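Values in this text are rule-based calculations from the coordinates and carry no lab data. Computed from a predicted model, the values in this text were never measured in an experiment. When we count neighbours, we look across all protein chains shown, and the Cβ atoms used for this are built from the backbone with ideal geometry, even at glycine.
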Amino acid sequence: MAQPLVGSGAGRSDTKRTRIRRIQLLDAALETFVEYGYGDVGVAEIVARIGCSHGTFYNYFDNKRDALDALLSRELSELVSVAELHRPRPRSESEFVDALGTLVRRFVEYGNERPHVLTFLAMEAPGIDEAALATMVGSYGQLGQLCGQYIRHGIEDGYLREDINVEFAGEAVVSCLMGAVLPLILDNTALIDVDSTVQTVVGFLCYGTNAG
């Protein structure tokens, strides 16, 4: 029986290398967009960042705008995942306050770790074109719906006021989260005190929801 010329693991290895190279290209695109601005960056600057060819770039993306779409998809998915607590639904006021604190903590820690990403998403991406703006608005809306869901659960379980406008409250939570990391957006060298920020934001939000 003829033996295969290539081992069965070769395909998986190629797939892994492909995935790694794509990540490297997206990371390079992010770094150059943040450093120089999207409008002043071309494919040449992106590939020079990691020392690969134009041909390699076009193996993965049609053009710079295509790379931007992939980058926004990756980073916004990561940002939304920060708000997904993956924990049991709070069943009491104290559990809700604890979950809210976890949400704020995760968001601020994310900002401390990746301030340049927040700067790009908040300051650069919305002004690139209408499609990018729509993508950003849609993601903020998704965050608002997710936060609103936590509040809706509290109303349903009887520990939050029934007259709360869930949609508005969810958007307010997102606004508070973005406000909490604003110093990082304006100055990537800043570092936010996580504990004091959690205490301040949670206290402010709970005053409005009559929790805590």
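Distance between the modelled labels on Glu130 and Thr56, one decimal in nanometres: 3.7 nm (7 Å Cα→Cβ projection). Taking all Cα pairs closer than 8 Å and separated by 6 or more residues, the relative contact order of the chain comes to 21 percent.
Find the centroid of the Cα atoms in region 55-77 and in region 125-201, then give the distance between the two in whole Å. So the two Cα centres are separated by 26 Å.
Restricted to Cα atoms, region 10-61 shows a radius of gyration and a Dmax of 11.8, 39 angstrom. Note on region 64-209: the alpha carbon radius of gyration divided by the globular reference 2.2 N^0.38 Å gives 1.07.
For region 10-61, relative contact order (Cα pairs under 8 Å, six or more residues apart, normalised by length) works out to 32 percent. Cα-based radius of gyration for region 146-185, normalised by 2.2 N^0.38 Å, reads 1.33. Comparing mean-square fluctuations of Arg161, Arg17, Arg114 from a GNM of the chain with C-alpha springs under 10 Å, the top value falls on Arg17. In region 35-94, taking the dipole from charged Cβ atoms about the Cα centre, the farthest positive-side position among Ser92, Val43, Phe57 is held by Ser92.
Once the Cβ-Cβ distance between Thr18 and Thr189 is put in as r, and R0 is 45 Å, what FRET efficiency do you end up with, to the nearest 0.05? Result of the calculation: an efficiency of 0.80.
Straightening the chain between Gln142 and Met123 buys 5.0 nm, computed as 0.36 nm per residue apart minus the Cα-Cα spacing. Relative to the Cα centre, the charge distribution of the chain, modelled as +1 at Lys and Arg Cβ and -1 at Asp and Glu Cβ, gives a dipole magnitude of about 940 debye.
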